[in-house]
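Please read the structure below before turning to the comments.
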Amino acid sequence: MSASLPCPRELALRLLHDMLRIRRMEERAAELYGAGKIRGFLHLYIGEEAVAVGALHALAPDDAVIATYREHGHALVQGVPMNAIMAEMYGKREGCSHGRGGSMHLFDARTRFFGGNAIVAGGLPLTVGLALAEHMQGGKRIAACFFGEGAMAEGAFHEALNLAALWQLPVLFCCENNLYAMGTALARSQSQTDLCAKAAAYKVAAQAVDGMDVLAVHQATGAAVEQVRAGQGPYFLEYRTYRFRAHSMFDPELYRDKAEVEQWKARGPIHSYSARLKAEGLLDEAGFLALAAQVEAEVEAAVAYAEAGSLEPLADLCRDVYTSAPGTQVQP
Ligand SMILES: Cc1ncc(C[n+]2csc(CCOP(=O)(O)OP(=O)(O)O)c2C)c(N)n1
């Protein structure tokens with residue numbers, strides 16, 4: 001352990017490694033999108049990596065995690081193999097959702113990563129349900145939900161916070177406040193811009209954290225998790241962060257100044273944290289390059305895996321499709 005770092009060396013380096021894995025996987029996904037290999041929607045998390053990495057490393061491996069359509073990083077850190085994520089983005093059968101979900105619907109029950117939700121705020125009630133089940137069964141696992149600040153204008157947010165607080169459920173509400181919901185700035189769509197005040201209105205403990213600082217995220221989340229696991233009810237964390245790329249691949253970004261984006265990029269979570277590790281003597285340039293090479297190899301292996309994967313045959317199109325009338329089958 002370094003004197004001024006709040007975690008052991010191995011974890012300190014793991015945090016950097018995971019941020020690099022997300023960054024490089026997504027940069028490659030963007031290229032593949034341009035090449036027509038990945039289609040449909042693609043929402044990149046680039047710039048926000050410190051949140052998923054710092055927060056998920058503060059949870060136990062069997063805690064439940066739910067996220068939005070900007071969820072590649074959360075799935076990866078929760079333990080979904082990069083191969084299965086890349087194959088899913090390609091729409092291949094070898095993907096974690098068997099190619100039926102695509103980028104927005106990564107899902108893997110084995111690692112307790114319960115999606116990937118395309119509906120804004122849709123993951124919040126699901127998380128409360130997971131926590132309620134755990135609570136009723138007397139377990140100690142908690143359920144964490146990641147969502148954008150845009151979700152806080154939705155009814156589902158209010159219903160979820162109300163019930164989680166009323167029933168004192170083990171939920172960690174992780175708000176990724178990147179300031180914009182698509183092209184709409186927070187102050188243009190919400191009357192109360194103090195997000196912690198909204199959570200506090202439901203008597204949910206709340207705290208804001210610098211979401212560009214992976215160590216701050218990890219520490220604050222760890223303290224919150226301790227309380228939630230001890231049975232003290234839900235906790236709300238606002239991670240102040242910024243997405244460096246467009247909302248999705250179709251977004252001319254007319255709603256924000258380039259200068260603002262550049263200012264946030266200067267505080268980028270990867271380069272600021274690498275600099276900190278170097279200053280602490282935990283990493284040198286050769287070590288950084290070795291880590292980057294390792295990540296590059298993992299990403300290229302995932303791309304090769306996705307390329308070699310198979311598409312679902314047309315005859316299977318209606319498999320797992322349910323109708324409301326019992327006993328009836330959908331004809332292909
Ligand atoms: C219920 C619902 N309304 C609208 C949309 C369209 N939509 C997709 S993403 C988005 C913005 C959400 O912003 P935020 O929650 O802040 O998350 P971010 O994309 O910034 O991560 C909207 C309005 C949707 N998917 N679901």
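Counting Lys and Arg as +1 and Asp and Glu as -1, what is the net charge of the other residues whose Cβ lies under 12 Å from the Cβ of Leu56? Taking every other residue near Leu56 into account, the sum is -2.
Over the chain, the ratio between the Cα radius of gyration and 2.2 N^0.38 Å evaluates to 1.00.
Per DSSP H run of at least 4 residues, take -39500 (n - 2.57); add these up for the chain, divide by its residues and hand me the 222 nm value, nearest 500 deg cm²/dmol.
Values: 12 runs with 144 residues, N = 332.
Roughly -13500 deg cm²/dmol at 222 nm, from the helical runs in the chain.
Shown is the FRET efficiency for Leu13 and Lys140, computed with R0 = 30 Å from the Cβ-Cβ distance and rounded to the nearest 0.05: 0.55. Taking amide H as placed 1.01 Å from N in the peptide plane, Leu106 has its amide H under 5 Å from the amide H of Gly116, each at least 5 places away in sequence or on another chain. Taking all C-alpha pairs of region 1-47, those more than 13 Å from each other amount to 63 percent.
Over what distance in Å are the Cα centres of region 150-188 and region 215-286 separated? Result: 18 Å between the Cα centres. Take the Kirkwood radius over Cα pairs of region 235-332, plug it into Stokes-Einstein at 4 °C and 1.567 mPa s, and you get 67 µm²/s for translational diffusion. As a length-normalised measure over Cα pairs under 8 Å and 6 or more apart, the relative contact order of the chain settles at 22 percent. For region 106-162, the equivalent ellipsoid derived from the alpha-carbon gyration tensor has semi-axes of 20, 15, 7 Å in decreasing order. Couplings 3J(HN,Hα) of region 74-86, computed from phi: 5, 4, 4, 5, 6, x, 5, x, 4, 4, 5, 6, 5 Hz, in residue order, whole Hz [Karplus 6.51 cos²θ - 1.76 cosθ + 1.60, θ = phi - 60°; x for Gly and Pro]. Highest mean packing first, where packing is the average number of other Cβ atoms within 10 Å per residue, the peptides 282-295, 254-267, 70-83, 193-206 line up as 70-83, 193-206, 282-295, 254-267.
Quick note: the coordinates plus some simple rules give every number you see, no bench work behind them. Everything numeric in this text was worked out from a predicted model, so none of it was measured. Cβ: placed from backbone, ideal geometry, glycine included. Neighbour counts: every protein chain shown.
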